[in-house]
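The structure appears right after this line, and notes come after that.
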Amino acid sequence: MKYAITKELSDRFRIAVSVNVIIAKDDKYLLLRRANTGWADGYYTLPAGHVDGNESLTSAAAREVKEEVGLSVRKENFELVHVMHRSDKEDDQERLDFYFLVNQWEGDPYLSEPEKSDRLDWFALNELPDHTLENVKNTLKLFKDQLLSEVNW
């Protein structure tokens, strides 16, 4: 059964949803440095992206990992480890970020979108580059002990 969407419903609040993938190996995390995107260029981040319409969170996570670092990850190998609800004051938008931990994958990581990032490397928690996105730094420090964080409220 289909339901009609009224103007009132179409004007409701919307939230940006993203997936972030913590790829872990030997107590190190895989980070890539953004480049040529116009947003946060020069900063390190996790493989991540927005959830497209008509896709599950794990499907979005698998797509982003494949697109950004060339790895294939099966849906059952994504473990939800953190959710961040944040208010982005720069663009006046709320965001809901889902962080998945991955310990098993197929392939070797490489920059599969070199037009959007220029470096890829493994970093221990105590060796994160100074230019790492704050939400990524914070999540890597607390995801083992805290499932939810609320930022900028």
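The values are calculated or read from the model by the stated rules, or taken from the named source; none is laboratory data. Everything quoted here is computed from the prediction, not taken from an experiment. Ideal geometry is used to build each Cβ from the backbone, glycine not excepted, and the neighbour counts take in all protein chains shown. Heads up: the accessible areas ignore ligands, DNA and RNA and are worked out on the full protein's heavy atoms, side chains in. Shrake-Rupley method; radii C 1.70, N 1.55, O 1.52, S 1.80 Å.
Just a few scattered comments:
- Working ranking of peptides 68-79, 83-94, 137-148 by packing, defined as the average number of other Cβ atoms within 10 Å per residue, highest first, is 68-79, 137-148, 83-94.
- Percent antiparallel among DSSP beta bridges (both partners in the chain, rounded to 5): 65
- Cα-based Lys pair tally, the chain, threshold under 22 Å, eight or more apart or on separate chains: 15
- Heavy-atom accessible surface of region 1-124: percent carbon and sulfur, 1.4 Å: 48
- Rolling a 1.4 Å probe across all protein chains gives Glu55 an accessible area of roughly 50 Å².
- Rounded to the nearest 10 degrees, the inclination of helix 57-69 to the longest alpha-carbon principal axis of the chain is 40 degrees.
- Per residue accessible area of the chain, 1.4 Å probe, in Å²: 62
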